[in-house]
1. Pairs A:43/B:165; A:103/B:225; A:111/B:242; A:103/A:217; A:119/A:140; A:43/A:111: which are spaced more than 24 Å apart, C-alpha to C-alpha?
2. Could you work out, residue by residue across A:98-105, how many beta carbons of other chains sit within 10 Å of that residue's beta carbon, and then give the average as an integer?
3. For the pair residue A:6 and residue B:284, how long in nm is the line joining their label points, each one 7 Å along Cα→Cβ?
4. If you fit an axis through the alpha-carbon atoms of helix B:179-194 and take the longest principal axis of the Cα set of chain B, what angle between them do you get, 0 to 90°, nearest 10?
5. Using the charge dipole of chain B (Lys, Arg: +1 at Cβ; Asp, Glu: -1 at Cβ; taken about the Cα centre), state which of B:60, B:47, B:175 has its Cα farthest towards the positive end.
6. Which one, B:133, B:322, B:114, has the greatest fluctuation when you compute a Gaussian network model over chain B with C-alpha springs under 10 angstrom?
7. What is segment A:5-255's relative contact order, in percent, from Cα pairs under 8 angstrom and six or more apart in sequence?
8. Report the FRET efficiency, 1/(1 + (r/R0)^6), for residue B:20 and residue B:86, where r is their Cβ-Cβ distance and R0 is 22 Å, rounded to 0.05.
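What follows draws every value from the coordinates through simple rules; no lab data is involved. None of the values given here were measured: they were computed from a predicted structure. Virtual Cβ from ideal backbone geometry, glycine too; neighbours counted across all protein chains shown.
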Amino acid sequence: MSKRIEVRDLNVYYSKFRAVEGVSLTIEPRSITAFIGPSGCGKSTFLRTLNRMHEVIPGARVEGEVLIDGDDLYGPGVDPVLVRRQVGMVFQRPNPFPTMSIKENVLAGVKLNNRRISKSDADDLVEKSLRGANLWNEVKDRLDRPGSGLSGGQQQRLCIARAIAVSPDILLMDEPCSALDPISTLAIEDLMEELKKEYTIVIVTHNMQQASRVSDKTAFFNIAGTGQPGKLIEYDDTNTIFTQPNVQATEDYVSGRFG
Amino acid sequence: MSTVAPIANALTAGKLPRYTPAWVLLGSAIIITGIALLMGNPSIPGIVVVTAVLFVVLVYLLSLVVEGSRKAKDRLMTSLVTLAFLLALVPLISVAATTIGLGLARFDLEFFTTSMRNVTDAGGGALHAIVGTLLITLATAIISIPIGILTAIYLVEYGRGKLAKWITFMVDIMIGIPSIVAGLFAYALFALIFGPGIRLGIAGSIALSLLMIPVVVRSTEEMLKLVPNELREASLALGVPKYLTIIKVVLPTSLAGIVTGSLLAVARVIGETAPLLIVAGFTQSMNYNLFSDRMMSLPLFVYSSYSQQGADPQQFLDRAWTGALTLILIVMALNLLGRLIARIFSPKLSR
Ligand SMILES: Nc1ncnc2c1ncn2[C@@H]1O[C@H](COP(=O)(O)OP(=O)(O)O)[C@@H](O)[C@H]1O
Ligand SMILES: [Mg+2]
């Protein structure tokens, strides 16, 4: 299943420091949305508010609304654990669990939650998720080997397999390719194209070509200066952002004149 | 092919032959020994010390002339570090050699199968003390390790603000408690409950716990801090609650270090004498029950054998040394066990 994200006037804080100010946007299901912008403009911070990972940092808090198919993530009584089961996340640096084998890593979402699963169901889930992450053929003979023994690109795809194994509705990716070589990057871009059929995907990227290749819509964030909050400058179809943006700053950024 | 003149390379620098330090060492030793013999009073420690000094100076000067000042400094530091290492080994080897040499005299079956009950001179053994030490230490570990680990988990994973600061402060203070004070505390506690004069194995465990808990807290804290935050976030992002993240991701990742730290803490308290003297008491007889009567321990066995020698002192001294040897062996066994466990539990590495 894939869900719509609506953000209404969101402010994000680290203690007293406002890192992101007044963001409102709507992300459609079954699409890929790219967040671009210079470093420090709050892309990661904003992304992490979409599955309530932001508040894991001491002193961090959020004002505003994030609706997922109409349900407010920040409403009273919302359990962040349930939110995170619906909104998966892939991090910048591949982070497979070092104590677990490849297979256990894929099953982590199930096993860590103490849910029981029959052996055949587990094998099916492992195969399905690894196929979904385009990794099955490379690791099917060594599922019991440690996940940390894979190459960086394979580890990142393992992390994607781990994220989709809990069948979320939305997948957030924070610069998933920035630590990878071009071949692995292409593999992950192809994968996103596939995943788009089932998930709403949001990706932060520093790579303009990547944003224009894979995304349907693009959001450009910017900051006025250090210590200032990041703001959403422009949000439109990727094509529009890259060919005829409305805002001068967007044009400067995508054409490489700054940032 | 005719020989070609070596091409001048701007990156070359002078270099001493590989075995120069060894030859210099040999030379210094011979010279110094010679001088000592000439002067007529060869004392071996003196020769060793002067040789070491001469060696360090000679290697430095040689290197300075041939290799330049950066390499010379490197050689100087290498010599000094090596010397410091050797110096640190001296007491270690000396203690081991003395204990083994003197402890082997009574390292026999009788020593490990009998107590000192009704023994006045020859014979007798330390079974009562070995059992006492093992039981008291086991109880100490059972009390301290859970409390220590849970405290560390609180401090690293949950603790923010005043309470955590206070706990850290208290742990710091506890680390500095003299062991005799821990013993007096346990004695006062048990005397309040059971009346004065009480001596129990478990009271010894309580006293030792005071010494062990802060060590476990500290080492576990360090290990938990080493777990990368990314792993916690990876787990939380999968929709795993925080407590399960701690139990199933953080603890397994740091388990090897926690086990090693806890065993080192055990090694730290297993040789304690003073608190046990006060609260566990002193006895010649077997006692398998932590909760009644006095209980002997190995450090106390060593101490009392030495301090209360009977008609034939040699018998008592032999028993004391064998007791010390046994204690060292127990600590060594614990360390080996710790390494084994650490290897079994450490995160699976690549390949
Ligand atoms: N853990 C944190 N604590 C305090 N400030 C932070 C933290 N993480 C990021 N920030 C600040 O928030 C702002 C946005 O950072 P980030 O979201 O990482 O930017 P981006 O991902 O766009 O490069 C920056 O000014 C950064 O210094
Ligand atoms: Mg970032």
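1. From the list (A:43/B:165; A:103/B:225; A:111/B:242; A:103/A:217; A:119/A:140; A:43/A:111), the Cα-Cα distance tops 24 Å for A:43/B:165; A:103/B:225; A:103/A:217; A:43/A:111.
2. For peptide A:98-105, the averaged partner shielding equals 4.
3. Result for the modelled spin labels: 9.0 nm.
4. The helix B:179-194 is inclined about 10 degrees to chain B.
5. Sorting the options by dipole projection puts first B:60.
6. Residue with maximal mean-square fluctuation among B:133, B:322, B:114: B:114.
7. 27
8. Result of the calculation: an efficiency of 0.70.
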